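Taken together, the values in this text are just the output of simple stated rules run on the coordinates, not laboratory data. None of these values were measured; they are calculated from a predicted model. Because the Cβ atoms are built from the backbone with ideal geometry, glycine has one as well, and the counts that use them run over all protein chains shown.
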Amino acid sequence: MKLGELAERLGCALEGDAGIEITDVAGIEEAAHGHLTFLSNRRYRASVANTKASAILAAPDDGPMPVAVLRSQNPYLDFARALSIFHQAPKYAPGIHPTASISSSARIGANAHVGPYCVVSENVNIGDNAVLHSFVTVYRGAQIGNDFMAHSHTVVRERVRVGDRVTLQNGAVVGSDGFGFAKQADGSWYKIPQTGIAVIGNDVEIQANSTLDRATMGETHIADGAKIDNLVHVAHAVKVGENTLLCAQVGIAGSAKVGKNCVLTGQVGVVGHLTIGDGAVITPQSGVPNDVPAGALVSGSPIIEHKNWLKSIAVFSRLPELQKQVRELTAEVARLRART
């Protein structure tokens, strides 16, 4: 594709030869002749001088470049859009594999691709253009919208509701039983029936081996546009707001509420029955035992304001030195008192 055409499709201002042939997109250090690369992190600014790419996506204020430039207000986003142009998602031919088990009461929309050994149970409704890869299981009564993509070994449990354009990566489970047990007089545990459901909004992606429990009563709800990384656990009756990101190994205990546009980074743990306000960011390995205000940036376990956590960490690294100083000062005070 000519660089000029690519600039037009991305809506970027072109500086350089519109006739340059672009064959692929690559990172700034891996790019070769014919590639488009991008600069969105200033830490890679020094790599620009040595790039072998033929063109680069850069912000309007990123200064002169040694190669042709596509000036973008959001180079990272336009890099992603360029990837979509050069690496389009595969298409799957409509049809149902003969080894798939489809209930006679299930309804599957037009253009569906159902792979080997899938199971679609009673009273399931699936919209148009669904792709179910091998070994996908949909329990009875599940309701799924259009453009559903389920990779191998995903499970949608009974009565779960799934919106349009939802993607489940390999091994994701939606609507598993919540972890609810009541202790009996003899010390054994009585399983609390998990009678609720899980509801997934539109444009949600749930990545590999993540689990979303159904509610004990009512519903677990993942709002439109939320993205859930690998190995995330969302417990029963949790509410996750629009466009929120839950990164790898996040765990959210029952009945917690996470607002919209939040980012919970890797290995964040959230106690149940609390509220995280809209736009909050929680940094890696933080423990959240209480409510988080909207727009907050917090760190640590238990969490404190991020700027205070940075100060605390700076002190923590100096504790052996400070301890030595305290011992020396204590000894000096004791000597002074002895003289008097």
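Quick rundown of the values:
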{"quantity": "Positive-end residue, region 170-219 charge dipole about Cα centroid, Cβ charges, pick of Ala198, Ala208, Ala182", "calculated": "Ala182"}
{"quantity": "Percent of beta bridges antiparallel (DSSP, the chain, rounded to nearest 5)", "calculated": "10 percent"}
{"quantity": "Value of D in µm² per second that Stokes-Einstein yields for region 80-156, Kirkwood Rh from Cα pairs, at 37 °C (0.692 mPa s)", "calculated": "258 µm²/s"}
{"quantity": "Nearby aspartates and glutamates by direct alpha-carbon distance to Lys311 (threshold 20 angstrom, same-chain neighbours under 8 apart not counted)", "calculated": "Glu321"}
{"quantity": "Positive-pole candidate from Ala331, Gly141, Ala49, dipole of the chain, charges at beta carbon", "calculated": "Ala331"}
{"quantity": "Placed amide H near Arg214: partners under 5 Å, 5+ positions off or other chain", "calculated": "Gly175, Ser176, Asp177, Gly178"}
{"quantity": "Set Lys191/Lys227; Lys227/Lys257; Lys239/Lys260; Lys227/Lys260 screened for pairs whose C-alpha atoms are more than 19 Å apart", "calculated": "Lys191/Lys227"}
{"quantity": "In region 8-82, trypsin sites (Lys or Arg not before Pro) in a DSSP loop with at most 16 other beta-carbon atoms within 10 Å", "calculated": "Lys52"}
{"quantity": "Expected 222 nm ellipticity per residue - DSSP helices of 4 or more, -39500 (n - 2.57), all of the chain, to 500", "calculated": "-5000 deg cm²/dmol"}
{"quantity": "Square roots of five times the Cα gyration tensor eigenvalues for region 163-305, Å", "calculated": "23, 20, 13"}
{"quantity": "Quarter of the Cα convex hull surface for region 3-86, i.e. its orientation-mean projected area (nm²)", "calculated": "4.5 nm²"}
{"quantity": "12 Å beta-carbon shell around Glu158, net charge (K/R +1, D/E -1)", "calculated": "+3"}
{"quantity": "Length-normalised contact order for the chain - Cα pairs under 8 Å, 6+ apart - percent", "calculated": "6 percent"}
{"quantity": "Candidate lysines - alpha carbon under 29 Å from Lys52, same-chain residues fewer than 8 apart omitted", "calculated": "Lys2"}
{"quantity": "The chain: C-alpha pair distances exceeding 32 Å, %", "calculated": "51 percent"}
